[in-house]
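Some notes on the structure that comes next.
The values are calculated or read from the model by the stated rules, or taken from the named source; none is laboratory data. Remember, it's a predicted structure, so these values are computed and weren't measured experimentally. Please note: Cβ atoms are built from the backbone with ideal geometry, for glycine as well, and neighbour counts cover all protein chains shown.
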């Protein structure tokens, strides 16, 4: 036998496993919410539900924010959008809840995010002051929770109608996306708005306005490329064109990239889209699923779906597309061929609920 050959004993094998980085043996799970108030943990290697976590209180379970630095934990909007549940994914249970409303205020949220360092939970709050016989609308705000102590450390003013939040990779900026508005750039440490990225009002010749909103945004899992469908309106003809927008949140001062791809019509109606950083393809889904090359702007593949799905979600490894957000199942497609691989049954409708990925 070659003198360099060695028998791998059990003890040596154990040492080898310990020496391997976590990324060598960790794998991706998909987190999905559904009615009435449930968080599903799905193994993306087998595309099967491995845990169903019933959340406390009332539903519905909505948006999800995983903790990228502490992937044991995820945060879920629930309780009629008046609470954020903290869920231990390993233990399969809710461990605490951050209640937003109080005796004097009715507070709801649609947008939450955890910074990449795993130390801050950001919650966009829409408060209403409760008075005798009347309600008074208050200014919107961002609540910041220290995840080392699970305590509120500050609140600061924020724009209205915010539906999604996203953090820069270095954690120094927080991006807020609202209905029919431009993108607000916030400094979460100072508690101020420091910039605006034009989205609706981009002052581009020939374009009257641009509309788009990353309601579901698994950007951290996809190399911090935040992407979403847009619709541009021609200033003269009023013709609408479907496209894709993207922000590279690894950059300290990212520019909004937009590409017009296809005429927007009843046949091509979508709520959202996704740009895969793995293969540089754009995916849309609603009553069908299709793949577009953003360079040539040509539709490369198209396929039928059995149900209406609100959004496609690109697996972080780029090999599969998960379509969900609406129905009682999640449809899984091959990212290259758009062949339907399987359907993951949730038991209840997602009803606009979130989908995120986490590596465990």
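Only residues that are farther than 22 Å from residue 330 by Cα and under 16 Å from the mean Cα position of the chain (by Cα) were counted in the stretch 40-68, giving 2.
A single member of 85, 111 is within 15 Å of residue 144 (Cβ to Cβ) and in contact with a strand residue (DSSP E or B) (Cβ under 6 Å, 6 or more places away or on another chain), and it is 111. For residue 295, the requirement of being touching a strand residue (DSSP E or B) at 6+ places or on another chain (Cβ under 6 Å) and at pLDDT 95 or above is not met. The condition of being free of Cβ contacts under 8 Å to residues at least 12 places away in the same chain and either part of a strand (DSSP E or B) or in contact with a strand residue (DSSP E or B) (Cβ under 9 Å, 6 or more places away or on another chain) (or both) holds for only one of 136, 125, that being 136. Taken residue by residue, the stretch 267-276 has at least one member that is over 23 Å from residue 164 (Cβ atoms), loosely packed, with under 15 Cβ neighbours inside 10 Å and at pLDDT below 95. Counting the residues of the stretch 168-188 that are over 24 Å from residue 229 (Cβ atoms), touching a strand residue (DSSP E or B) at 6+ places or on another chain (Cβ under 9 Å) and loosely packed, with under 15 Cβ neighbours inside 10 Å gives 2. So, in the stretch 215-243, exactly how many residues are more than 21 Å from the chain's Cα centre (by Cα) and surrounded by 21 or more Cβ atoms within 10 Å (Cβ to Cβ)? Of the residues in that region, 1 qualify.
If you go through the stretch 260-277 and keep only what is under 21 Å from the mean Cα position of the chain (by Cα) and in a strand (DSSP E or B), you end up with 270, 271, 272, 273, 274, 275, 276. Would it be correct to say that residue 159 is in a loop (DSSP other than H, G, I, E, B), under 30 Å from residue 265 (Cα atoms) and touching a residue at least 12 places away in the same chain (Cβ under 8 Å)? Answer is no for this residue.
With respect to (1) modelled with pLDDT of 95 or more; (2) within 23 Å of the chain's Cα centre (by Cα); (3) within 30 Å of residue 232 (Cβ to Cβ), the lone exception for residue 181 is condition (1). Only one entry in 158, 166 is at pLDDT 95 or above, closer than 21 Å to residue 257 by Cβ and out of contact with any helix residue (DSSP H, G or I) (no Cβ under 6 Å at 6 or more places or on another chain), namely 166.
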